[in-house]
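**Student:** First the structure, which I've put down as structure tokens, then a few questions once you've had a look.
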Amino acid sequence: MALVQIDNVSKIYQTGDVQVKALQDVTISIDEASFVTFVGPSGSGKTTMLNLIGCLDKPTKGKVFVGKKQVDAFNRRQLAAFRGSFLGFIFQAFNLFPVLTAYENVEYPLVMIKNKSISKRKEMVLKVLESVGMLNQKDKFPDQLSGGQKQRVAVARALVTQPKLVLADEPTANLDKKSAVNVIRLMRAMRDELKTTFIFSTHDPGVMEEAEVIHTLEDGKLV
Amino acid sequence: MIRIFKIALRNLMRYKRRTLLTSLLITLGLLMVILFSGLAGSFKEMMIGQITDSNLAQMQIHKRGYVSSIDTSPLNLTINQKSCKKIEKILGENPDIEAYAPRIKFSAMLSNFKETTNIRLNAIDPEKEIKVCPNVSDRMKFGSGKVPDILLKPGEIIIPEKLAAGLKIEIGGSVVLVANNKDGSVNGLNFRVAGIIESILGPQGKEGYMHIKDARSLLRMEKSEVIEIALRIKKFDKLDDVYTDLKSVLAKFKNKKGKPVFEIHTWKKLSPFSNIAKMIDIMTVSMKIIMIAIVLISILNVMMMSVYERVREIGTMSAMGTSPGRIMGLFLAEGLSLGLISTLVGNVIGIAGIYSLNIYKISYTFGRMDNLLLSPTISFSELAWVSATVLLVSVFATLQPAYKASRMEPVDALGHV
Ligand SMILES: Nc1ncnc2c1ncn2[C@@H]1O[C@H](COP(=O)(O)OP(=O)(O)OP(=O)(O)O)[C@@H](O)[C@H]1O
Ligand SMILES: [Mg+2]
């Protein structure tokens, strides 16, 4: 079985009388160590797709398997535990914790989710900060960093727990063209080094050039 | 754990002004309680001390019905020699009792040979009285300027200052006491004025003092007959226990109709100050309730704002797999830290305040007593209790906002702007 298996999945949002079919009968499989991009116009269902794969949301219909586990059957607590152990997240607006330094932001999942020992933590954090090229900025707070630097720290934070799969919803939307391409290249380099699977969405043509596997969504359907 | 508190503290420092204002408010609430309990508590204790140690004594035993007719100082309600012996035996065997003293209370006419006035008298056995009311001589003035070794000898009288001034009686002068005994016959005796006594609050606060032997001969009473037995116990905070104890023992003495013969009262029943003491207690409790309300509302308010402002951060934590318990813990730590900081500051200022009030002593006047010095104190247990309350309320006030944060769905929280 592939790393991610989406079987006949639909997601329907109901707001009052209006039904929005964000995803309609989508079937897709994503292999381990691949570098996958979802593209499509606004409202096509990219975020919905990533939320389902990222175990943040459940489908209205169909089955979602991540790492051979049927995650749509998990409860709240199981989902949280699964996300903590198996997944990493990179966000459009970076979402670094403003009260923590770059180092502490990267350390956060090791302390709060993984309960690693101090010495082990230090080794892991320094290593990943080094590979994203942020070691010399490790003691700065997020508001002292540029957008591109913040997103590098965020990449480090997503990777420090050594997840199988990293999800990133429009990770470059808040960045200038040059930083955007650099962040995507960094992600790909990390995939090459760690064999971590990356799935991200974008509607930036410059970024798409860096992609390997592209899935296009339109009105909630794969085309 | 340390990490959680570190994050909590940094988050508090993020909104410096708000944190400062809130902790200032809590500090003020705490200070209000500490200073008020310190001042009012010491005022209360001092007044109770005045009343029990220099005048009323802590407890009194009478023939039943005496206290309700105390204003007429009835002479027919006496405890006779036989009963007196029995009571003294009970008191002597009770390990909680420090001392007891017999008293005869009555009204008489006081004359300086020209003018005559009414006087209420407390006839005492000086050696026993001093053990029951160790400060009895505090309000007395003597001719020599200092307290004599034997407070009062037979043939001597100590009269209230108002009467002394009114009748122009001086220390060393001579007066006549005329009194009716219980059968109605009149008797008079000469006395030397040994001293003058200041008044004190309460019904027994304007009495003169004389020797119990003189009272017996003036009133033609039998030997050892008394009106009142005053008591002092070893541990004042056990007053109510000893009282209930003695009350049940005394209740066993019954007359022919099966009614109890004696009655026992504590100072609370005998002095109007007990109502003031009760008021002080009620006010202290009210202060504490106000403090709890301040802490509850201000922390609830701040923590609700904190959660609301940080929805996206909460979403991020939750998406990354932080367990709901951890998220709740993070916010609880924040509320607790806020309470803790305020408590520490409040305690430091409060202790400093009480300390400085003790250096610059406050003098005040109460009734006819003046130049009373107030030295406020607050016990460690009281401080600990108040501080623990603030901390507990802080956590309690944070529970709801923290729970709300922990229940947020990451998808909704992340989408929040
Ligand atoms: N919570 C929601 N409630 C109701 N409708 C929603 C909700 N979230 C998404 N939708 C709808 O589902 C459809 C797909 O939304 P989605 O966010 O997945 O699109 P997207 O491809 O990520 O768009 P964008 O490029 O603008 O981010 C849209 O029509 C959107 O309006
Ligand atoms: Mg989107």
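The values are calculated or read from the model by the stated rules, or taken from the named source; none is laboratory data. Only a predicted model underlies this, so the values are computations on that prediction, with no experimental measurement involved. So basically every Cβ, Gly included, is an ideal-geometry build from the backbone, and we count neighbours across all protein chains shown. Calculation scope for accessible area: heavy atoms of the full protein, side chains included, ligands and nucleic acids excluded. Shrake-Rupley method; radii C 1.70, N 1.55, O 1.52, S 1.80 Å.
**Student:** Only loop residues by DSSP count here, and only those with at most 13 other Cβ atoms within 10 Å; note down the trypsin sites (Lys or Arg not before Pro) in the stretch A:169-223 that meet that.
**Tutor:** Answer in residue order: A:195.
**Student:** Also: Can you give the FRET efficiency for residue B:76 and residue B:382, using 1/(1 + (r/R0)^6), R0 = 51 Å, r = Cβ-Cβ distance, to the nearest 0.05?
**Tutor:** 0.60
**Student:** Mind running the shape call on the stretch B:121-162? Use the C-alpha gyration tensor, a ≥ b ≥ c as the square roots of the eigenvalues: rounded below 1.5 for a/c, prolate if a/b tops b/c, oblate otherwise.
**Tutor:** On the way: a/c = 1.32, a/b = 1.21, b/c = 1.09.
Taking the square roots of the gyration eigenvalues as a ≥ b ≥ c, the stretch B:121-162 is rounded.
**Student:** Across chain B, where is the longest run that never hits GluC sites (Glu not before Pro) in a DSSP loop with at most 15 other C-beta atoms within 10 Å?
**Tutor:** Longest site-free region, per DSSP loop and neighbour criteria: B:223-417.
**Student:** Expressed as an acute angle from 0 to 90° and rounded to the nearest 10, what is the orientation of the C-alpha long axis of helix B:81-93 relative to the principal long axis of chain B?
**Tutor:** Rounded to the nearest ten degrees, it is 30.
**Student:** May I ask which of B:82/B:146; A:69/A:114; B:89/B:146; A:120/A:177 have a Cα-Cα span longer than 28 Å here?
**Tutor:** Violating the 28 Å Cα-Cα cut-off are B:82/B:146; B:89/B:146; A:120/A:177.
**Student:** Another one. Which of the trypsin sites (Lys or Arg not before Pro) found in the stretch B:91-152 are in a DSSP loop and have at most 16 neighbouring Cβ atoms, other than their own, within 10 Å? Write down the numbers at each step before the final one.
**Tutor:** On the way: sites: B:103, B:105, B:114, B:120, B:128, B:131, B:139, B:141, B:146; in loops: B:114, B:146.
Qualifying residues, ordered by number: B:114, B:146.
**Student:** Fully extended, how many nm does the chain gain between residue B:363 and residue B:3 (0.36 nm per residue separation, minus their Cα-Cα distance)?
**Tutor:** 124.5 nm
**Student:** Specify the angular offset, from 0 to 90 degrees and rounded to the nearest 10, of the alpha carbon long axis of helix B:273-309 from the longest principal axis of the alpha carbons in chain B.
**Tutor:** For B:273-309 against chain B, the angle is about 0 degrees.
**Student:** Another question about this same structure. Take every DSSP beta bridge with both residues inside the stretch B:65-260 and express the antiparallel ones as a percent of the total, to the nearest 5.
**Tutor:** Bridges in the stretch B:65-260 that DSSP calls antiparallel: roughly 80 percent.
**Student:** OK, next. Name the shape class, rounded, prolate or oblate, that the alpha-carbon gyration tensor gives for the protein assembly as shown, where a ≥ b ≥ c are the square roots of its eigenvalues, rounded holds for a/c under 1.5, and otherwise prolate holds if a/b is larger than b/c and oblate otherwise.
**Tutor:** Prolate.
**Student:** With springs connecting C-alpha atoms under 10 Å apart, model chain A as a Gaussian network and identify which of A:27, A:196, A:172 has the largest mean-square fluctuation.
**Tutor:** A:27
**Student:** If you don't mind, another one. Ordering A:72, B:71 from largest to smallest accessible area (1.4 angstrom probe), what's the sequence?
**Tutor:** B:71, A:72
**Student:** Follow-up. Run the dipole for the stretch A:107-173 about the Cα centre, Lys and Arg Cβ at +1, Asp and Glu Cβ at -1, nothing else charged, and hand back the magnitude in debye, nearest 20. Don't skip to the end; give the middle numbers.
**Tutor:** Working: 12 positive and 7 negative charges, 69 e Å.
Using only the charged Cβ atoms, the result is roughly 320 debye.
**Student:** Separate question: Based on DSSP H assignment, which helices of chain A show an axial Cα extent of at least 30 Å together with a mean Kyte-Doolittle hydropathy greater than or equal to 0.5?
**Tutor:** Values: long enough: none.
None clear 30 Å together with a mean of 0.5.
**Student:** Show me A:79-86, A:60-67 ranked by packing, highest mean number of other Cβ atoms within 10 Å first.
**Tutor:** A:79-86, A:60-67
**Student:** Still on this structure, I have one more. For B:262, B:236, give the ranking by accessible area with the largest first, probe 1.4 Å. Please report the intermediate quantities before stating the final value.
**Tutor:** Numbers: B:262 15, B:236 85 Å².
Ranked from most to least accessible, the order is B:236, B:262.
**Student:** Using label points projected 7 Å from each Cα along Cα→Cβ, tell me how many nm separate residue B:86 and residue B:252, to one decimal.
**Tutor:** Simple spin-label model gives 1.0 nm for this pair.
**Student:** If you fit an axis through the alpha-carbon atoms of helix B:2-14 and take the longest principal axis of the Cα set of chain B, what angle between them do you get, 0 to 90°, nearest 10?
**Tutor:** Taking Cα atoms only, the helix is inclined about 90 degrees.
**Student:** Leaving out same-chain residues fewer than 8 places away, which aspartates and glutamates sit with a Cα under 13 Å from that of residue A:140?
**Tutor:** Partners found: A:104.
**Student:** Would you mind getting me the FRET efficiency between residue B:147 and residue B:190? Use the beta-carbon distance for r and R0 = 30 Å, nearest 0.05.
**Tutor:** Calculated value: 0.80.
**Student:** A follow-up question, please. Measuring from label point to label point, each 7 Å out along Cα→Cβ, what is the residue B:297 to residue A:29 span in nm?
**Tutor:** 6.4 nm
**Student:** Please get the size of the charge dipole for the protein assembly as shown, origin at its Cα centre, with Cβ charges of +1 on Lys and Arg and -1 on Asp and Glu, quoted in debye to the nearest 20.
**Tutor:** 1580 debye
**Student:** Further question on the same structure: Using alpha carbons only, how many angstrom separate the centre of the stretch B:38-88 from the centre of the stretch A:119-188?
**Tutor:** 83 Å
**Student:** Grab the other residues whose beta carbon is less than 12 angstrom from that of residue A:7, score K and R as +1, D and E as -1, and report the net.
**Tutor:** Its environment carries a net charge of 0.
**Student:** Let me confirm one metric for peptide B:309-322, namely the mean number of other chain beta-carbon atoms within 10 Å of its residues' beta-carbons.
**Tutor:** That average works out to 6.
**Student:** On average, how many beta carbons from a partner chain sit within 10 Å of the beta carbon of a residue in A:98-105?
**Tutor:** 3
**Student:** With r defined as the distance between the Cβ atoms of residue B:356 and residue B:127 and R0 fixed at 51 Å, what FRET efficiency is calculated, to the nearest 0.05?
**Tutor:** Working: r = 42 Å, r/R0 = 0.83.
The value I calculate is 0.75.
**Student:** Here is a further query. Using the alpha-carbon centroid of each, what span in Å lies between the stretch B:240-272 and the stretch A:13-88?
**Tutor:** That distance is 81 Å.
**Student:** Mean-square fluctuation check for chain A, GNM, Cα pairs under 10 Å: which of A:41, A:163, A:171 is largest?
**Tutor:** In the Gaussian network model the winner is A:41.
**Student:** Going from most exposed to least, what order do B:100, B:308, A:103, B:66 have by accessible area with a 1.4 Å probe?
**Tutor:** So the residues, ranked largest to smallest area, are B:308, B:100, A:103, B:66.
**Student:** Also: Roll a 1.4 angstrom probe over the protein heavy atoms and tell me the percent of accessible area of chain B that is carbon or sulfur. Please report the intermediate quantities before stating the final value.
**Tutor:** Working: 12270 of 20180 Å².
Carbon and sulfur: 61 percent of the exposed surface of chain B.
**Student:** Looking at the protein assembly as shown only, what percent of DSSP beta bridges run antiparallel? Nearest 5 please.
**Tutor:** The answer is about 70 percent antiparallel.
**Student:** If we restrict to alpha carbons, what Rg and Dmax does the stretch A:46-196 come to, in Å?
**Tutor:** Reported Rg and Dmax, both Å: 15.4, 48.
**Student:** How crowded by other chains is A:108-114, given as the mean number of beta carbons from other chains within 10 Å of each beta carbon?
**Tutor:** Mean inter-chain Cβ contacts per residue within 10 Å come to 5.
**Student:** Starting from the Cα gyration tensor of the stretch B:77-162, take the square roots of the eigenvalues, sort them a ≥ b ≥ c, and report rounded, prolate or oblate (rounded when a/c is under 1.5, otherwise prolate if a/b is larger than b/c, else oblate). It would help to have the intermediate numbers written out before the result.
**Tutor:** On the way: a/c = 2.95, a/b = 1.51, b/c = 1.95.
Judged from the Cα gyration tensor, the stretch B:77-162 comes out oblate (a/c at least 1.5, b/c at or above a/b).
**Student:** Counting only heavy atoms of the protein chains, get the accessible area per residue of the stretch B:65-260 (1.4 Å probe) and round it to a whole Å² value. Before the final figure, lay out each step's value.
**Tutor:** Values: 9870 Å² over 196 residues.
With all protein chains present, the stretch B:65-260 gives 50 Å² per residue.
**Student:** Further, regarding this structure: Once label points are set 7 Å from the Cα along Cα→Cβ at both residue B:20 and residue A:212, what is their separation, rounded to one decimal in nm?
**Tutor:** Once both label points are built, they end up 5.4 nm from each other.
**Student:** A further question follows. Chain pair B, A: how much accessible area is buried, both chains summed, with a 1.4 Å probe, in Å² to 100?
**Tutor:** Using a 1.4 Å probe on protein heavy atoms, the buried area is about 2400 Å².
**Student:** Placing +1 on the Cβ of each Lys and Arg and -1 on the Cβ of each Asp and Glu in the protein assembly as shown, which of B:173, B:81, B:376 has its Cα farthest towards the positive end of the resulting dipole?
**Tutor:** The residue sitting most towards the positive pole is B:81.
**Student:** Taking a 30 Å limit on the Cα-Cα distance, which of the listed pairs A:58/A:195; B:105/B:361; B:86/B:153; B:182/B:247 fall beyond it?
**Tutor:** B:105/B:361
**Student:** Also: Picking from B:303, B:328, B:13, which is most flexible by a Gaussian network model of chain B using Cα springs under 10 Å?
**Tutor:** Comparing B:303, B:328, B:13 in the GNM, the peak value goes to B:13.
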